[in-house]
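Structure, as structure tokens:
The values are calculated or read from the model by the stated rules, or taken from the named source; none is laboratory data. It should be emphasised that the depicted structure is a prediction, and the values quoted were computed from it without experimental measurement. Cβ sites come from the backbone with ideal geometry, for glycine too, and all protein chains shown count toward neighbours. With ligands, DNA and RNA removed, areas are computed over all heavy atoms of the protein, side chains included. Shrake-Rupley method; radii C 1.70, N 1.55, O 1.52, S 1.80 Å.
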Amino acid sequence: MKQPSRYHPLLVTLHWVLAVLIIAALAIGFFGLAATPNSDPQKIAVLRVHMAGGMLILVLMGIRFIVRMRTSRPPGATTGYPLLDRIAPISQYGFYVLVLSMAGTGYATAILAGLPAIVFGGSGAPLPPTLMIYPTRVAHFYIATLLVGFIILHVLAAFYHQFIRKDGVFRRMFFG
Ligand code: HEM
């Protein structure tokens, strides 16, 4: 079967929707949640957006994985360096592992701290003074930091392909 020159439109859509949602979850986490004391009455509403968004990311990532397995893809773009070409798929699968770990540690923290009743159930109970007593919450921070590093590398690699190797990698990730 002939290999296509672009990714499937559904895969392209999911890629860009997930890019926006993941960057938004990171921004809300670092600048909205970590920077706000748990005593602030606004924090529950911010947590609601973050937790619901995080679960949506998990669902879309699962759908993306299935679509990726079931659709034919263009041949892998080469960097010109065999070692880098071998590392590229590891970094791409790394995204699945990191996002899955973010959702897992976020969800586990929420359960341990009894957040579903406070954030979604309207129980009226206050948030615990801090969530940093839970190892899952500490892991959530470290994995988020690693994810930021992965995103920076991913963007640099895309620019390298587009502007230095000029192999039209952006065209494969758009419609038309
Ligand atoms: C890809 C998905 C997610 C990303 C990128 C993300 C990102 C973040 C970041 C960057 C922080 C702040 C870390 C810090 O500076 O210490 C944070 C905090 C938090 N996130 Fe997530 N998160 C995700 C999914 C989830 C999910 C699914 C839940 C729960 C269902 C969740 C619950 C929380 C909680 C409870 C906090 C701590 C708030 C606090 O201690 O004030 N996150 N998240």
Open item on the list: Looking at the chain as a GNM with Cα springs under 10 Å, which of Gly104, Gly122, Gly94 has the largest mean-square fluctuation?
Closed with: Gly122
Task: Heavy-atom surface of the range 119-158, accessible at 1.4 Å and reported per residue (Å²) - done: 63
Open item on the list: Over the chain, with a Gaussian network built from C-alpha contacts below 10 Å, which listed residue (Leu127, Leu156, Leu33) shows the highest mean-square fluctuation?
Closed with: Leu156
TODO: Evaluate the relative contact order of the chain (contact order divided by residue number), counting alpha-carbon pairs under 8 angstrom at least 6 apart; express in whole percent.
DONE: 32
TODO: Quick one: among Gly106, Gly32, Gly54, which has the greatest mean-square fluctuation in a GNM of the chain with alpha-carbon springs under 10 angstrom?
DONE: Gly32
TODO: Quantify, in whole percent, the carbon and sulfur part of the accessible surface of the chain (1.4 Å probe; protein heavy atoms only).
DONE: 74
- [ ] Return one whole number: the accessible area per residue of the range 1-105 in Å², for a 1.4 Å probe.
- [x] 60
TODO: Grab the eigenvalues of the alpha-carbon gyration tensor for the chain, scale each by 5, take roots, and send me the semi-axes largest first in whole angstrom.
DONE: 36, 17, 14
Task: Low-density loop cleavage sites - chymotrypsin sites (Phe, Trp or Tyr not before Pro) in the range 1-50, where at most 10 other Cβ are within 10 Å (DSSP) - done: none
Task: Estimated dipole of the range 1-125 in Debye, rounded to 20 [Cβ of Lys and Arg +1, of Asp and Glu -1, Cα centre] - done: 500
